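FYI, it's all coordinate maths here, none of it is from the lab. Computed from a predicted model, the values in this text were never measured in an experiment. Here the Cβ positions follow ideal geometry from the backbone for every residue, glycine too, while neighbour counts run over all protein chains shown.
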Amino acid sequence: MMSSILVIGGTGNIGQHLVTASLDAGHPTAVLVRPTTVAYDSGRARLLKALKARGATLVYRFLPSEFGCDVEHAERTLEPAKTMIASKLRVRRAIRDAGIPRTFICSNWAIGLFLSRLIDFGENEPLTAGVNIFGDDKAQAVFVDEKDMSMLAIRAVEDPRTLDKVLYVRPPTNMRSFSQLIHILEKKTGRTLERHYVSEHEFAKNIQEAPFPLNFQLAMVHSTVVHAGACEDAIDAAVGVEATLLYPDVEFITVEEYLDGLLP
């Protein structure tokens, strides 16, 4: 089976010949297209039409594999997550500098990843004797079901309102602090869980001593739960849009509903 090829700049002097050569060789070929190329250059628009007729797939937007926190507002992230987030930030900036049409998805915590290990983060069992509460427990994090974040990403693909924007997914009903999550869990199970309060300093030390990938996971908890104020910040309309405002018809899976399915 022939490998698939994506050509960026497929209407340029060399790019158009790369696309043709790829198609001639039998490769499934995609061409990344800027909307302005079609709208303002009739010659290149005709070229794209011809390439499409030959079997090329036209790609009008790039959704990088970000999903999660906003990499441009993660200044307090600890290692090793800091280095990994920095690499995503370099990709984001390169995409912008190249003028590639894009949508960045900031969907915050994947609800299944976090809540399934709510009690002792890093362990496999969701229900144990106690729960760790990190920092002063004043900050709230955002939790979004993986199905919801995926559905919104697909809706954003062809939505002109999200073109060249950051799509923030922040359903208010799913903004919770650690203590609020534990209260919900206790209410549903009828159990009172012992709380272990971990200072921010002690938590940072635990992260440094933990093996990979647990240290990465805990560093993300530190960044997004201990320092989660960014989830409540106003969105700069020149940079981003809020998913709950663009798609008011979406009924997000709530923390309570997810826990109903998680608990026996």
Give me the net charge for the shell around V169: Cβ to Cβ below 13 angstrom, other residues only, Lys and Arg +1, Asp and Glu -1.
-2
Counting all Cα-Cα pairs in the range 6-137, those more than 17 Å apart amount in percent to 70
For E200, what charge total do you get from the other residues with a beta carbon under 13 Å from its beta carbon, if Lys and Arg give +1 and Asp and Glu give -1?
0
Greater than 32 Å apart at Cα, pairs in K88/K147; K138/K205; K138/K187; K88/K138; K88/K188; K49/K165:
K88/K188
Once the Cα gyration tensor of the range 5-59 is diagonalised, what are the square roots of 5 times its eigenvalues, in whole Å and ordered largest first, as equivalent ellipsoid semi-axes?
17, 10, 10
Starting from the Cα gyration tensor of the range 176-227, multiply each eigenvalue by 5, take the square root, and state the resulting semi-axes largest first in whole Å.
24, 11, 11
Pairs of Cα atoms farther than 28 Å apart, the chain, %
46
With the dipole of the range 71-262 defined by +1 on each Lys or Arg Cβ and -1 on each Asp or Glu Cβ, the option from I133, H201, I182 whose Cα lies farthest towards the positive pole is H201
I want to verify a result. In a Gaussian network model of the chain, Cα cutoff 10 Å, which of these has the top mean-square fluctuation: I184, I207, I111?
I184
